[in-house]
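*Asks:* One structure, pasted below without further comment.
The values are calculated or read from the model by the stated rules, or taken from the named source; none is laboratory data. This structure is a prediction, so every number in the text was calculated from the model and none was measured. Cβ atoms come from the backbone with ideal geometry, glycine included; neighbour counts cover every protein chain shown.
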Amino acid sequence: MTAPHVARSVPASTSSPATRVLGGLTLSGLALLLGYALVWSPADVAQKDAVRLMYVHVPTAIVAFGACFLTTLASAMWLRRRSEGWWVLGGAAAEVGLVFTAICLLTGSIWGRPTWGTYWDWDPRITSTTLLFILLVGFLALRRIDDEAGDASQRGMRGAIVGLLLLPNVMIVHYSVDWWRSLHQTATITRLDPTIEGTMLFTLMLGIVVFGLLFAWLLVHRFRLGWLEERAGASGLDQAIVERRAEAGVAVATGGPA
Amino acid sequence: MVAMTHIGYVAAGWAIALVSLAAYALRTVRRGRSLAMRVPPEERRWT
């Protein structure tokens, strides 16, 4: 006797087997990173244990810049193709990027106090990163603001133009320490002879990988959430049209205003 | 065992980062669950 067919229940969420594996990898990596960042890596000769903030500040900055690159790419592709996928990807990358940029600014500010003696300074890199944060807020805001005619295309166009400005600003953030006098040191790990080595370099690289995995996990979930928002919005609009037509039909049948 | 210096700054920096990311992840997943119930399964291509 065969077992009766049981319909597989589809979980109502934004997760899938792949995101669950990615989430597990991210959590394991995060546990390892915490061990290296807070316990196993040595203190710096000059900064002492304050250097442990580098393992969260630098990776979140790199991930934020990657998110901005993705947002600019999605904006350009949306301007070219006007497809829903690029629209949703742009919004998802910008929102996750905004979170990472905020964390980068906050952890940088906290790191600045014991190393530079101040929480904030209008240093070129800090200023350009703050501008990046404001651009991301503007990008997300413009995508939500309708003009008087309710033209979604105009709304998308304005957002996409701001999205195109993100990547040039990331380049300014990156090169700001070379172009202007800055409290920040020049390139540490992107040069051919990195200025840190051993366990510290390994921990920093591990941080970049782990926060990169976390970004990927968040991006997939936020993309799917955006997709659902579009679908729910479309079905809500369809429902409203059906209800309006039904009302109009009743009104015509009864001789009332359509 | 040598005591850690700047422990308050290190703890604050890491706590802000991890708590913010966890809160954002939780909010995203919860909103996803609530919206997914309003959208037909065939529109959720990942399931």
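*Asks:* Being of a type outside the set (S, T, Y), modelled with pLDDT under 90, on the phi < 0 side of the Ramachandran plot and under 25 Å from the mean Cα position of the chain (by Cα), is that true of even one residue in the stretch A:6-13?
*Replies:* The answer is yes, given that some residue of the stretch A:6-13 is of a type outside the set (S, T, Y), modelled with pLDDT under 90, on the phi < 0 side of the Ramachandran plot and under 25 Å from the mean Cα position of the chain (by Cα).
*Asks:* With surrounded by fewer than 16 Cβ atoms within 10 Å (Cβ to Cβ), within 13 Å of another protein chain (Cβ to nearest Cβ) and without any contact (Cβ under 8 Å) to a residue 40 or more places away in the chain as the only criterion, which of A:A43, A:A12, A:A31 stands out?
*Replies:* A:A31
*Asks:* It is to be established whether one or more residues within the stretch A:100-115 are within 12 Å of the chain's Cα centre (by Cα), over 23 Å from A:L53 (Cβ atoms), modelled with pLDDT of 95 or more and surrounded by 18 or more Cβ atoms within 10 Å (Cβ to Cβ).
*Replies:* no
*Asks:* Among the candidates A:G163, A:G212, A:G233, which residue alone is closer than 27 Å to A:W87 by Cβ and either at pLDDT below 95 or not in a helix (DSSP H, G or I) (or both)?
*Replies:* From the options A:G163, A:G212, A:G233, the qualifying one is A:G233.
*Asks:* Here is a further query. Of the residues that sit in the stretch A:103-135 and are of a type in the set (A, V, I, L, M) and more than 9 Å from chain B (Cβ to nearest Cβ), which one is farthest from B:Y24 (Cα to Cα)?
*Replies:* A:I126
*Asks:* So which of B:V19, B:V10 ends up being in a helix (DSSP H, G or I), β-branched (V, I, T) and at the interface with chain A (Cβ under 7 Å from one of its Cβ atoms)?
*Replies:* B:V10
*Asks:* Still on this structure: Which number in (1) within 12 Å of chain B (Cβ to nearest Cβ); (2) farther than 16 Å from A:I208 by Cα; (3) crowded, with 17+ Cβ neighbours inside 10 Å marks the one condition that A:G90 misses?
*Replies:* (1)
*Asks:* Being in contact with an Asp or Glu (Cβ under 9 Å, 6 or more places away or on another chain), facing chain A (nearest Cβ under 8 Å) and not aliphatic (A, V, I, L, M) is the requirement here; does B:T47 meet it?
*Replies:* Criteria not met by B:T47.
*Asks:* Would you check if A:S153 is out of contact with any helix residue (DSSP H, G or I) (no Cβ under 8 Å at 6 or more places or on another chain) and in a helix (DSSP H, G or I)?
*Replies:* The answer is yes for A:S153.
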